1. Just checking, does region 35-49 include any residue being assigned to a loop (DSSP other than H, G, I, E, B), under 30 Å from M228 (Cβ atoms) and touching a helix residue (DSSP H, G or I) at 6+ places or on another chain (Cβ under 6 Å)?
2. Within region 7-39, count every residue that is crowded, with 16+ Cβ neighbours inside 10 Å and either among the basic types (K, R) or outside the structural domain of W93 (by TED's automatic domain parsing) (or both).
3. Quick check on my filter: what residues within region 62-79 are farther than 20 Å from S143 by Cβ, at pLDDT 95 or above and surrounded by fewer than 14 Cβ atoms within 10 Å (Cβ to Cβ)?
4. Pairs, please: C-beta under 8 Å, at least 6 apart or cross-chain, first residue farther than 14 Å from E63 by Cα and in region 135-153, second part of a helix (DSSP H, G or I) and among the hydroxyl-bearing types (S, T, Y)?
5. More than 24 Å from T108 (Cα to Cα), of a type in the set (V, I, T) and part of a helix (DSSP H, G or I): which single residue out of T240, T251 fits that description?
6. List, please: which pairs have Cβ atoms under 7 Å, are six or more places apart or on different chains, and start with a residue in region 81-98 that is touching a residue at least 60 places away in the same chain (Cβ under 8 Å) and end with one that is basic (K, R) and crowded, with 19+ Cβ neighbours inside 10 Å?
7. Do we have F114 as more than 21 Å from T251 (Cβ to Cβ), touching a residue at least 12 places away in the same chain (Cβ under 8 Å) and of a type in the set (F, W, Y) here?
8. Take the residues in region 161-171 that are in contact with a helix residue (DSSP H, G or I) (Cβ under 8 Å, 6 or more places away or on another chain) and farther than 19 Å from Q299 by Cβ; name whichever of them is surrounded by the most Cβ atoms within 10 Å (Cβ to Cβ).
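The values are calculated or read from the model by the stated rules, or taken from the named source; none is laboratory data. Predicted model only: the values in this text are computed from it and were never measured. Neighbour counts are summed over all protein chains in view; Cβ atoms, including those assigned to glycine, are modelled from backbone coordinates with ideal geometry.
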Amino acid sequence: MDRSEITVDVAARLVAEQFPQWADLPVRPVKLNGWDNFTFRLGDAMSVRMPSGEGYVGQVAKEQRWLPLLASRLPVPIPSPVALGQPNAEYPWPWSVYRWIEGTRASTSGLTDFDGFAKQVAGFLTALQSIDGTDGPPYGQHSAERGGPVGYWDEWTRRSIEVLKDEIDAPAATACWETALASQWERPPVWVHGDLTASNLLVSDGALNAVIDFGCSCVGDPACDLLMAWNFFDDESARTFRDGLALDEATWQRGRGWALWKTLITIDGAREDGADPRVRGERMGWRFTPHEIVERILQDS
């Protein structure tokens, strides 16, 4: 099924067919959709979340099983599944109904106290990492390899450095990347969100109100959850964010590697598509342009 075929009308027909008690509720698009999943608002109190491709189907059962457990142990709300939808002749994959969470996505316009916000985000991650991950889902395709070794993306990262060598400090980027590859998480795996970016953080009255989109969640190395230190927080709030997490220097170096990988592939991918990298960064809630983020990463050695 092509992504373009996942529409409001398809979602409405799925709801009406499988959950007739909600058939009269309006189904509406949301302002900002993700890549792995499409979300539609269902009435005022619920949402429909549908994988956009077969590679993301594994996220459905994971979220249905684990999000209720995580929710009871976290300081702010996270998505709460209400029902599990099944494939039909029109839509080939399982899907979910969730409770709707109010809030606006984190941005410079909705926040004034970035230092306080950094403390709240660090507090959320600390609570998440403290949840027993013994039986949790290990990293893999369902998590886009988040939580695993950053070296999984070695070939892609080095290719991007080569492609962008006239736009960035390629030797410094290579050194940063190789430093990230030099260590690994040697403690028991912990819960990670997997896509902790400003567009997945909801704020209300200037404070963290909820964390959404756990599609890439798993248990593993928490380094993949540190990217906001470079793409959203300024120097002062980044220090606050760092101070709020009990992580060693090697983990922060791997976090730099994750941040470098994500930023480089965003620039490289936009170039290939004839798009503006800044627009793609803004979609993810990045406070700085992709090129500014690369500079911040490389200066933080």
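1. If we filter region 35-49 for residues that are assigned to a loop (DSSP other than H, G, I, E, B), which is where we start, we get 35-36, 43-45.
Those still in the list that are under 30 Å from M228 (Cβ atoms) too: 35-36, 45.
Checking which are touching a helix residue (DSSP H, G or I) at 6+ places or on another chain (Cβ under 6 Å) leaves us with 36.
The answer is yes; a qualifying residue exists.
2. Result for region 7-39: 1.
3. To start, the set of residues in region 62-79 that are farther than 20 Å from S143 by Cβ comprises 72, 75-77.
Okay, now just the ones that are also at pLDDT 95 or above, so 75-77.
Once the filter is applied, which keeps residues that are farther than 20 Å from S143 by Cβ, at pLDDT 95 or above and surrounded by fewer than 14 Cβ atoms within 10 Å (Cβ to Cβ), region 62-79 yields only P75.
4. Matching pairs, first to second residue: E145/Y152.
5. Numbers: T240 fails: more than 24 Å from T108 (Cα to Cα).
The unique qualifying residue is T251.
6. Hits for this filter: W95/R49.
7. Values: more than 21 Å from T251 (Cβ to Cβ): yes; touching a residue at least 12 places away in the same chain (Cβ under 8 Å): yes; of a type in the set (F, W, Y): yes.
Against the criterion (more than 21 Å from T251 (Cβ to Cβ), touching a residue at least 12 places away in the same chain (Cβ under 8 Å) and of a type in the set (F, W, Y)), F114 qualifies.
8. Of region 161-171, the ones in contact with a helix residue (DSSP H, G or I) (Cβ under 8 Å, 6 or more places away or on another chain) are 161-164, 167-170.
Among the residues that remain, those that are also farther than 19 Å from Q299 by Cβ are: 162-163.
Details: E162: 12, V163: 16.
Per the criteria, the residue is V163.
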